[in-house]
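J.: Input: one structure, supplied below.
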Amino acid sequence: MLTAIDWIIMMVYFVFVLGIGAALKRYTRTSNDFFLAGRSIPAWVCGLAFISANLGAQEVIGMGASGAKYGIATSHFYWIGAIPAMVFVGVFMMPFYYGSRARSVPEYLRLRFDEKTRALNAISFATMTVFSSGISMYAMAKLIQTLHVFDAPVQRLGLPVSWVFHAGIVLAAIVVLAYIFLGGLSSAIYNEVLQFFLIVAGFLPLVWLGLKNVGGWSGLKAHLDSGYTHSWIGMGSAHTNRLGVEWFGLAMGLGFVLSFGYWCTDFLVVQRAMAADSMSAARRTPLIAAFPKMLFPFLVILPGLIAIALPTERFSSLAANQGSAVVAPEGVGLIPPKVDPGTGDPVRDSQGRVQLDYDLAIPNMLLHYFPTGILGLGLTALLASFMSGMAGNVTAFNTVWTYDIYQSYIHPKASDQHYLQMGRMATIFGIALSIAAAYMANRFNNIMDMLQLVFAFVNAPLFATFLLGMFWKRTSGHGAFSGLLAGTLTAALHHSLTLPAGAAAGVKGGWLATLHVYPSEMAQNFWTAIFAWSGCFLVTILVSLATRPQEESKLVGLVYSLTERPQTRGLPWYQQPVILALIALAVVVVLNIIFM
Amino acid sequence: MRLDIRLPLGLLFLVFGLLLSGFGLTGDQTIYQRSLQVNINLWWGLVMIGFGLVMFVLGRRGHRRVSSDDHGTEARGKSASEQE
C-alpha cells in the first residue's frame with residue numbers, strides 16, 4: 001500500500017527531528033538550559049508547543065473516535081473545556097508560576113505550602129507521566145499493527161508480522177530519547193512546533209476532501225441525525241443527548257474541574273510556558289495557544305463525523321488480514337466492528353450488538369482518501385503526534401525527577417553539571433520505564449484501566465488546592481496536604497458507590513455498593529471530578545482555619561493579594577493578556593452559538 | 001533563542017512540498033480516484049512550498065537580526081576593552 005515516496009517523506013521527517021536535537025546540543029550547557037530551555041523561547045513558539053505537548057495519541061485518535069461516537073458535542077472538550085481554562089491560566093495563574101521563579105509545579109507547591117505537599121505532588125506526577133507516556137506508546141504500536149501499513153518491511157526482514165508492535169515501540173522510543181537527550185526541553189519544544197504544523201498539514205487536506213465528498217457541513221447534517229450535529233440542543237437532560245450528561249455536570253465537571261485541573265496545574269503543559277523569555281511572554285503562551293486550539297475540533301473531530309456519515313464499506317479486507325474466515329459484520333461508514341484480538345470475533349455488548357472500533361475513524365479516513373505520496377504525509381503527521389505526546393511526558397518527568405525528587409531528597413547541593421547529567425540519565429530511564437509500561441498495558445489491559453482510574457482520583461482535586469493557594473493567603477500547608485488526600489478519597493468513594501448504566505461492578509465503579517446509576521461513563525467521570533474537587537476545597541478551608549497561617553512575608557509573589565500586578569500598560573493591544581483573553585472568549589461563544 | 005525555529009520548519013515544508021508536487025506531476029495519475037479525482041499531491045505540495053518559503057524567509061530575516069545584534073554587542077565590548 002505504501003510506496004517509495006511515502007517512505008522518503010517519513011525518513012526526511014526523522015532526519016529533521018534528529019537534526020534539531022543535534023543542532024541544539026551545543027546550546028545545552030547548564031541544567032537551566034536542559035530543563036527550562038534557558039527561559040529564552042518566544043511566546044508564539046511556547047504557545048504552539050503548549051498545544052502540541054497535549055496533542056498525543058489520545059488526543060488525535062481519541063477526539064476523532066469521540067467525533068464518530070458522540071458527534072460535534074465532542075467540541076465541548078475544547079469550547080467549554082480547554083479554552084476557558086487556558087485563558088484563566090494565562091491571565092491569573094502565570095504571574096505566580098513564572099514570577100515565583102519556581103522551576104516546576106511541585107516546586108511552586110513547596111514555596112507556597114510545604115515540603116510534604118510538594119513531595120506528594122512530585123511523586124504522583126512523576127509516576128503518572130511515565131505511565132501516560134507508556135500508554136501513548138502502546139496505543140501507537142497497537143494502531144500501527146492494526147493498520148497493517150508497516151507489515152511489508154518487517155516481512156521483508158524475515159520477521160513475523162507481530163514484530164511491527166515491537167518495532168514501533170522501540171523506534172519511537174529511540175527517536176524521542178535521542179532528541180531530548182541532546183537538546184532537552186528546547187529540543188522538545190522545537191520539535192513540538194514542527195509536529196504542530198505537520199499535524200495541521202496532514203489533516204487539513206483530509207478534512208477538505210471529506211467535506212467535499214459529503215457536500216460540506218450542510219451535506220454532513222443531511223447524512224446524520226441531528227444528535228450528531230448539535231452541541232447544546234438536548235443538553236437539558238442526560239437522556240436527550242449522545243454524551244449522556246446534563247448541562248450542569250458538563251459545565252462543572254468538564255468545563256471547570258477537569259479542564260482547569262489539567263491546563264492550569266499539569267506541569268506537562270505549564271512547563272512550556274515557564275520556558276518563555278519574559279513574564280509577558282509566559283502569560284501570552286496559553287492565550288496564543290487558545291486560538292489554534294479552538295479550531296482543532298474542525299481538524300480532529302470532523303474527520304470522525306465524516307467517517308460515520310460515509311456509505312458503509314464492507315470490511316472483508318480487514319477480516320482477511322486478521323486471518324479469520326468469519327463473515328465480517330457490518331460497521332458504520334468507515335468505522336469497522338471491534339475485533340477481539342484473541343479470537344478474531346467481533347466484540348458484542350450485553351445486548352448482543354456489535355461494538356464499533358471508533359479509534360480507527362481517523363486512520364481509516366487517511367487510508368480512504370489519501371493516495372500514496374500524501375498518505376506518507378498523513379502517516380508522518382500521526383507519528384508526529386504520538387511522539388510529541390511522549391516527549392511532553394518525558395521532559396516533564398526528567399525535570400520533576402531531577403529537581404523535585406533527586407535534588408530535594410536524594411542528593412542536594414551537587415554541582416549544576418551533575419544535575420544536567422542526571423537530567424540526561426532521567427531521560428533514559430524515564431523512557432525505559434515507559435517501554436515497560438507499554439508492555440504492561442499489552443499484557444494486562446485491566447491494570448491500565450485501574451491505573452488511569454487512580455490517576456483521575458489523584459488529579460481531580462488538584463485545582464482546588466491551587467485555586468485556594470493562589471487566591472486565599474490564609475491557606476496553610478497542612479490544609480493543602482489534607483485537602484489533597486481528602487479529595488482523592490472522596491473521588492475513590494464516589495466511584496465505589498456509583499456505576500454507569502449497563503456496566504458490571506468492578507473497574508467501572510460500584511465496588512462497595514451501587515447507590516446511583518449514571519446514564520453514561522462520561523457522566524460518572526465528570527461527577528467523580530466534581531465530588532473530588534468539592535471534598536478537597538472544603539477540607540482545605542476547614543483545616544487551614546484550624547491551623548497556623550503562613551507568614552505573609554514569605555508569600556509575596558506566590559499569592560494574589562500580596563503580589564503586585566504585572567505591568568502591561570506599555571504593550572501594544574495584541575500583546576496584552578486581558579485583551580487577548582477577551583477576544584478568545586468572544587470567539588468561543590460565537591463558535592458555541594454556531595454549532596448549538 | 002539562537003536557532004530560529006522558522007528555518008528548519010520552512011526547510012522541512014519546502015522539501016515535503018517539492019517531493020509531493022514533483023510526485024504529483026510525474027507519477028501515476030490513476031491513483032487520484034480515491035482523492036475524488038483531485039491531484040492532491042500536486043496541489044497540497046504547492047501549498048506546502050508556499051508556506052515553507054514564507055517561514056524560511058521570515059526565519060532568515062529574524063536570524064540575521066539576532067546575529068547582527070550579537071556582533072554589535074561583541075564589537076562594542078571589544079572597543080570598550082581596547083580603550084582600557
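J.: Residues in the stretch A:543-557 that are assigned to a loop (DSSP other than H, G, I, E, B) and over 19 Å from A:Ala281 (Cα atoms): how many? Steps first, answer last, please.
T.: Applying the first criterion (assigned to a loop (DSSP other than H, G, I, E, B)) to the stretch A:543-557 yields A:547-551, A:556-557.
Adding the requirement that they be over 19 Å from A:Ala281 (Cα atoms) leaves A:547-551, A:556.
Count: 6.
J.: Please work out which one of (1) of a type outside the set (Gly, Ala, Ser); (2) out of contact with any strand residue (DSSP E or B) (no Cβ under 7 Å at 6 or more places or on another chain); (3) buried (at least 17 other Cβ atoms within 10 Å of the Cβ) is the condition A:Leu493 fails and give its number.
T.: Exception for A:Leu493: condition (3).
J.: Against the definition (over 25 Å from A:Ala22 (Cα atoms), among the small types (Gly, Ala, Ser) and in a helix (DSSP H, G or I)), how does A:Gly202 come out, yes or no? Let's see the steps before the verdict.
T.: Details: over 25 Å from A:Ala22 (Cα atoms): yes; among the small types (Gly, Ala, Ser): yes; in a helix (DSSP H, G or I): yes.
When the stated conditions are applied, A:Gly202 passes them.
J.: Please work out if A:Leu287 is within 14 Å of another protein chain (Cβ to nearest Cβ) and either hydrophobic (A, V, I, L, M, F, W, C) or within 25 Å of A:Ala529 (Cα to Cα) (or both). It would help to see each step written out before you state the result.
T.: Details: within 14 Å of another protein chain (Cβ to nearest Cβ): no; either hydrophobic (A, V, I, L, M, F, W, C) or within 25 Å of A:Ala529 (Cα to Cα) (or both): yes.
For A:Leu287, the condition - within 14 Å of another protein chain (Cβ to nearest Cβ) and either hydrophobic (A, V, I, L, M, F, W, C) or within 25 Å of A:Ala529 (Cα to Cα) (or both) - is not met.
J.: Given A:Met365, A:Met387, which one is more than 14 Å from chain B (Cβ to nearest Cβ), within 30 Å of A:Thr3 (Cβ to Cβ) and in a helix (DSSP H, G or I)?
T.: Details: A:Met365 fails: more than 14 Å from chain B (Cβ to nearest Cβ).
Going through A:Met365, A:Met387 in turn, the sole match is A:Met387.
J.: Now a separate question. For residues that are on the phi > 0 side of the Ramachandran plot and surrounded by fewer than 17 Cβ atoms within 10 Å (Cβ to Cβ), tally how many sit in the stretch A:148-195. Steps first, please.
T.: Step one: filter the stretch A:148-195 for residues on the phi > 0 side of the Ramachandran plot, giving A:148, A:158, A:184.
Next, from what is left, pick out any that are surrounded by fewer than 17 Cβ atoms within 10 Å (Cβ to Cβ): A:148, A:158.
Residues in the stretch A:148-195 being on the phi > 0 side of the Ramachandran plot and surrounded by fewer than 17 Cβ atoms within 10 Å (Cβ to Cβ): 2 in total.
J.: Follow-up. Across the stretch A:34-52, which residue is nearest to A:Leu420 (Cα to Cα) among those that are touching a Leu at 6+ places or on another chain (Cβ under 8 Å) and more than 11 Å from chain B (Cβ to nearest Cβ)?
T.: Taking the stretch A:34-52 as the starting set, the residues that turn out to be touching a Leu at 6+ places or on another chain (Cβ under 8 Å) are A:34-37, A:47.
Of the ones still in play, those that are also more than 11 Å from chain B (Cβ to nearest Cβ) are A:34-36, A:47.
Working: A:Phe34: 7, A:Phe35: 8, A:Leu36: 11, A:Gly47: 25 Å.
Selected residue: A:Phe34.
J.: For A:Val149, indicate whether it is in contact with an Asp or Glu (Cβ under 6 Å, 6 or more places away or on another chain) and part of a loop (DSSP other than H, G, I, E, B). Steps first, answer last, please.
T.: Working: in contact with an Asp or Glu (Cβ under 6 Å, 6 or more places away or on another chain): no; part of a loop (DSSP other than H, G, I, E, B): yes.
In short, no.
J.: Quick test for you: out of A:Thr28, A:Thr117, pick the one residue that is β-branched (Val, Ile, Thr), in a loop (DSSP other than H, G, I, E, B) and within 27 Å of A:Gly134 (Cβ to Cβ).
T.: Working: A:Thr117 fails: in a loop (DSSP other than H, G, I, E, B).
Matching residue, one of A:Thr28, A:Thr117: A:Thr28.
J.: Hey, another quick one. Which residue out of A:Leu243, A:Leu198 is within 14 Å of another protein chain (Cβ to nearest Cβ) and of a type outside the set (Val, Ile, Thr)?
T.: A:Leu198
J.: Now, a different point. May I ask you to verify whether A:Leu211 is more than 27 Å from A:Val270 (Cα to Cα), within 12 Å of chain B (Cβ to nearest Cβ) and not β-branched (Val, Ile, Thr)? Working first, answer last.
T.: Values: more than 27 Å from A:Val270 (Cα to Cα): yes; within 12 Å of chain B (Cβ to nearest Cβ): yes; not β-branched (Val, Ile, Thr): yes.
Spelling it out, A:Leu211 is indeed more than 27 Å from A:Val270 (Cα to Cα), within 12 Å of chain B (Cβ to nearest Cβ) and not β-branched (Val, Ile, Thr).
J.: Considering A:Ser40, A:Ser52, which residue is touching a Ser or Thr at 6+ places or on another chain (Cβ under 9 Å), among the polar types (S, T, N, Q), farther than 19 Å from A:Val257 by Cβ and surrounded by fewer than 24 Cβ atoms within 10 Å (Cβ to Cβ)? It would help to see each step written out before you state the result.
T.: Values: A:Ser52 fails: surrounded by fewer than 24 Cβ atoms within 10 Å (Cβ to Cβ).
Answer to the check: A:Ser40.
J.: Right, here's the next one. Considering only the stretch A:120-143, I want to know if a residue exists there that is free of Cβ contacts under 8 Å to residues at least 12 places away in the same chain and among the hydrophobic types (A, V, I, L, M, F, W, C). Before the answer, list the steps.
T.: Of the residues in the stretch A:120-143, the ones free of Cβ contacts under 8 Å to residues at least 12 places away in the same chain are A:127.
Right, trim to among the hydrophobic types (A, V, I, L, M, F, W, C) and you get none.
Taking every residue of the stretch A:120-143 in turn, none turns out to be free of Cβ contacts under 8 Å to residues at least 12 places away in the same chain and among the hydrophobic types (A, V, I, L, M, F, W, C).
J.: Select, from A:Tyr13, A:Tyr70, the only residue that is part of a helix (DSSP H, G or I) and either without any contact (Cβ under 8 Å) to a residue 40 or more places away in the chain or closer than 18 Å to A:Ala391 by Cα (or both). Break it down stepwise before answering.
T.: Working: A:Tyr70 fails: either without any contact (Cβ under 8 Å) to a residue 40 or more places away in the chain or closer than 18 Å to A:Ala391 by Cα (or both).
The unique qualifying residue is A:Tyr13.
J.: Still on this structure: Within the stretch A:206-217, is there a residue that is outside any helix (DSSP H, G or I), over 20 Å from B:Phe13 (Cβ atoms), in contact (Cβ under 8 Å) with a residue 40 or more places away in the chain and touching a helix residue (DSSP H, G or I) at 6+ places or on another chain (Cβ under 8 Å)? Steps first, answer last, please.
T.: Our first condition is that a residue be outside any helix (DSSP H, G or I); within the stretch A:206-217, this holds for A:215.
When the remaining residues are screened for being over 20 Å from B:Phe13 (Cβ atoms), the result is A:215.
In the following step, the residues that additionally are in contact (Cβ under 8 Å) with a residue 40 or more places away in the chain were identified as none.
No, the stretch A:206-217 has no match at all.
J.: Just to verify a result, which residue in the stretch B:17-48, among those that are of a type in the set (Val, Ile, Thr), closer than 14 Å to A:Ile374 by Cβ and assigned to a helix (DSSP H, G or I), is modelled with the lowest pLDDT?
T.: Filtering the stretch B:17-48 for residues of a type in the set (Val, Ile, Thr) gives B:26, B:30-31, B:38, B:40, B:47.
Retained after the next criterion (residues that are closer than 14 Å to A:Ile374 by Cβ): B:31, B:38, B:40, B:47.
Subset that is assigned to a helix (DSSP H, G or I): B:31, B:40, B:47.
Details: B:Ile31: 83, B:Ile40: 89, B:Val47: 95.
Once the filter is applied, the top-ranked residue is B:Ile31.
J.: Among the residues of the stretch B:1-16, what is the count of those that are over 24 Å from A:Leu211 (Cβ atoms), touching a helix residue (DSSP H, G or I) at 6+ places or on another chain (Cβ under 7 Å) and either assigned to a helix (DSSP H, G or I) or within 8 Å of another protein chain (Cβ to nearest Cβ) (or both)? Walk me through it before giving the result.
T.: Quick first cut of the stretch B:1-16, residues over 24 Å from A:Leu211 (Cβ atoms) only: B:1-12, B:14-15.
Adding the requirement that they be touching a helix residue (DSSP H, G or I) at 6+ places or on another chain (Cβ under 7 Å) leaves B:3-12, B:14-15.
Those still in the list that are either assigned to a helix (DSSP H, G or I) or within 8 Å of another protein chain (Cβ to nearest Cβ) (or both) too: B:3, B:5-12, B:14-15.
Residues meeting the conditions: 11.
J.: Being in a helix (DSSP H, G or I) and in contact (Cβ under 8 Å) with a residue 60 or more places away in the chain is the filter here, so list the residues in the stretch A:450-466 that pass it. Please lay out each step first, then the result.
T.: Applying the first criterion (in a helix (DSSP H, G or I)) to the stretch A:450-466 yields A:450-459, A:462-466.
Within the stretch A:450-466, A:Leu451, A:Gln452, A:Phe455, A:Ala456, A:Phe457, A:Val458, A:Asn459, A:Leu462, A:Phe463, A:Ala464, A:Thr465, A:Phe466 meet the criteria.
J.: Consider the stretch A:239-253. How many of its residues are touching a Pro at 6+ places or on another chain (Cβ under 7 Å) and of a type in the set (D, E, K, R)?
T.: Summing the residues that are touching a Pro at 6+ places or on another chain (Cβ under 7 Å) and of a type in the set (D, E, K, R) in the stretch A:239-253 gives 0.
J.: Let me ask something else about it. Is at least one residue of the stretch A:16-24 more than 14 Å from chain B (Cβ to nearest Cβ), touching a Lys or Arg at 6+ places or on another chain (Cβ under 9 Å) and not in a loop (DSSP other than H, G, I, E, B)?
T.: Step one: filter the stretch A:16-24 for residues more than 14 Å from chain B (Cβ to nearest Cβ), giving none.
No, that holds for no residue.
J.: Would you call A:Gly487 at positive phi and either buried (at least 21 other Cβ atoms within 10 Å of the Cβ) or in contact with a Pro (Cβ under 9 Å, 6 or more places away or on another chain) (or both)? Lay out the reasoning, then the answer.
T.: Values: at positive phi: no; either buried (at least 21 other Cβ atoms within 10 Å of the Cβ) or in contact with a Pro (Cβ under 9 Å, 6 or more places away or on another chain) (or both): yes.
In short, no.
J.: For A:Pro84, work out the one condition from (1) within 22 Å of the chain's Cα centre (by Cα); (2) crowded, with 24+ Cβ neighbours inside 10 Å; (3) more than 11 Å from chain B (Cβ to nearest Cβ) it doesn't fulfil.
T.: (2)
The values are calculated or read from the model by the stated rules, or taken from the named source; none is laboratory data. Just so it is clear, the model here is predicted, and its values are computed rather than measured. Positions of Cβ are generated from backbone atoms using ideal geometry, with glycine treated the same way; all protein chains shown enter the neighbour counts.
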